[in-house]
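Notes to accompany the following structure.
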């Protein structure tokens, strides 16, 4: 069975990326693409699904949390800030 090929615009929409990012991914080998005889890039639907489904290896998201109060009288506010940010 022949796999459906998506035009770059459709692949970008499904992946939530810009065309420039898609080109970078193609050139770096992160996503496989097929070049047509007219020179257009077409993206196999399976490649888009592989990345969307997270089989690409989802990266862990990290964040730093900073809280502070202006005096020791407000220590109870510090706990609420931490809970709110977490």
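The values are calculated or read from the model by the stated rules, or taken from the named source; none is laboratory data. Treat the numbers as computed from the prediction; the structure is a model and nothing was measured. Here the Cβ is made from the backbone with ideal geometry for all residues, glycine too, and neighbour counts use every protein chain on show.
Remarks
- Only a single criterion out of (1) over 20 Å from residue 85 (Cβ atoms); (2) out of contact with any strand residue (DSSP E or B) (no Cβ under 6 Å at 6 or more places or on another chain); (3) modelled with pLDDT of 80 or more is not satisfied by residue 70, namely (1).
- Selection from the stretch 15-38 of residues that are out of contact with any helix residue (DSSP H, G or I) (no Cβ under 7 Å at 6 or more places or on another chain) and in a loop (DSSP other than H, G, I, E, B): 16, 17, 29, 30, 36, 37, 38
- Residue within the stretch 51-68 that is surrounded by 10 or more Cβ atoms within 10 Å (Cβ to Cβ) and in a helix (DSSP H, G or I) present: yes
- Test: residue in the stretch 71-86 that is in a loop (DSSP other than H, G, I, E, B) and either surrounded by 14 or more Cβ atoms within 10 Å (Cβ to Cβ) or on the phi > 0 side of the Ramachandran plot (or both): no
- For the criterion of being within 14 Å of the chain's Cα centre (by Cα) and modelled with pLDDT under 80, residue 55 passes.
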